[in-house]
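Everything below concerns the one structure shown next.
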Ligand code: SF4
């Protein structure tokens, strides 16, 4: 959005860890990161527009603290 709205090259972002006293960390971003982000957004839009759930992850360690584990298919 920053690149589109302001016509500027974006090469970093910031993550705010709200559970760690709002610690802010800088994240470097490459063109490949933006390509992946756009692909992910398109995948999410596909799920929303077509109304199907994605498959569960094969890596069950990720499920331990997942907010959705009680409703996950
Ligand atoms: S419980 Fe969470 S992390 Fe595990 S498959 Fe479901 S959505 Fe993914």
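Computed quantities for the displayed model
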quantity	calculated
Highest-fluctuation residue, 62, 36, 12 considered, GNM on the chain with Cα pairs under 10 Å	62
Cβ-Cβ FRET estimate between residue 55 and residue 32, R0 fixed at 35 Å, reported to 0.05	0.90
Choice from 60, 25, 50 showing the highest fluctuation, given a GNM over the chain with Cα pairs closer than 10 Å	60
Average Cα contact separation per residue, the chain, under 8 Å, 6 or more apart, as relative contact order %	16
Helix-only mean residue ellipticity at 222 nm for the chain, each DSSP H run of n ≥ 4 adding -39500 (n - 2.57), per residue, nearest 500	-10500 deg cm²/dmol
Degrees, to the nearest 10: 31-50 long Cα axis against longest axis of the chain	40
Cα-based shape type of the chain, given that a ≥ b ≥ c are square roots of the gyration tensor eigenvalues and the cut on a/c is 1.5	oblate
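No value in this document is a laboratory result; all are computed from the given coordinates. None of these values were measured; they are calculated from a predicted model. Positions of Cβ are generated from backbone atoms using ideal geometry, with glycine treated the same way; all protein chains shown enter the neighbour counts.
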